[in-house]
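The values are calculated or read from the model by the stated rules, or taken from the named source; none is laboratory data. Being a predicted model, the structure only gives us computed values, none of them experimental. Methodologically, a virtual Cβ is constructed for each residue, glycine included, from the backbone with ideal geometry; neighbour enumeration extends over all protein chains shown.
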Amino acid sequence: MRVVTIPCLKDNFAYLVIDGTTAAVVDPGEAAPVEAALAREGVTLAAIWATHHHADHVGGAAELMAARPGIDFVIGTHDAAKVPAATRQLEDGGEVTLGTLRARAIHNPGHTRGAISYVVDDAVFTGDTLFGAGCGRLFEGDAATMHASLAKLAALPPETRVYFGHEYTASNLAFAAAVEPDNVDVAARAEALVQAAGTASTPSTIALERATNPFLRSTAPDVVIAAMNRGVSGDAISVFGAIRAWKDAFRA
Ligand SMILES: [Zn+2]
């Protein structure tokens, strides 16, 4: 498997997942940069894999499909009603193939009801559920739902590469440092990001997210204290909810 990152729109990432000369595109927010990447890589598009129904993740699908009648357009079952062009729905654990590759869906509701991540080999494509040092907003789910969804992703092998849906890592790390000022891994990640300025911060790894992402750290002592200082009890879901609400209002 090869993965090619395609910046789209303002700060979105689409990805080509390539097996030989065949590719799937994850979250084509617009068609033109995907077409350019396909031409550059010399590969044929066989499928569209969407993580959720938002327009900045599926906006390029119609144009890509019009040029290639019959290709698969995959989305999570509970988002499918909002994307009538989708040809295939995946439940939790459902699979699609691309050549010799197998992509397995993890249903991770919270950002949207039907949000899914795709696990392919040692990579996971998380859309707007898990970001670099952050997570998506709770548009269609509550804190308990999103907390459970993120726990599923955090349980993937630590070396799993995390390909996320937006370049938000720098501002997310500023928030992470506000939550855990003494977290040396957060500080090191922020410094590494500065050193790599101008390059995309995707992918990260599950290990790095577990060490630096406050939304995967609802039981870390300093995160619990930061949440309790905002008036909630110390259980993991209340902590997660308080940190999420804090981030919604946070300006670095
Ligand atoms: Zn979204």
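Here are the numbers for the structure shown:
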read-out	value
Qualifying residue in the stretch 175-193 (condition: outside any loop (DSSP other than H, G, I, E, B), over 19 Å from residue 243 (Cα atoms), at pLDDT 95 or above and touching a Lys or Arg at 6+ places or on another chain (Cβ under 7 Å))	no
Flag if residue 183 is surrounded by 16 or more Cβ atoms within 10 Å (Cβ to Cβ), over 27 Å from residue 6 (Cα atoms), of a type in the set (S, T, N, Q) and in contact with a helix residue (DSSP H, G or I) (Cβ under 9 Å, 6 or more places away or on another chain)	yes
Any hit, the stretch 72-80, residues being part of a strand (DSSP E or B), within 13 Å of the ligand (Cβ to nearest atom), farther than 19 Å from residue 201 by Cα and of a type in the set (Gly, Ala, Ser)	yes
Matching residues, the stretch 134-165, being more than 24 Å from residue 177 (Cα to Cα) and within 16 Å of the ligand (Cβ to nearest atom)	139, 140, 141, 145
Complete set of residues in the stretch 88-133 that are among the polar types (S, T, N, Q), part of a strand (DSSP E or B) and more than 12 Å from the ligand (Cβ to nearest atom)	89, 97, 117
Residue that is more than 16 Å from the ligand (Cβ to nearest atom) and surrounded by fewer than 16 Cβ atoms within 10 Å (Cβ to Cβ), where the choices are 23, 47, 36	36
Out of 66, 115, sole residue that is buried (at least 19 other Cβ atoms within 10 Å of the Cβ) and of a type in the set (A, V, I, L, M, F, W, C)	115
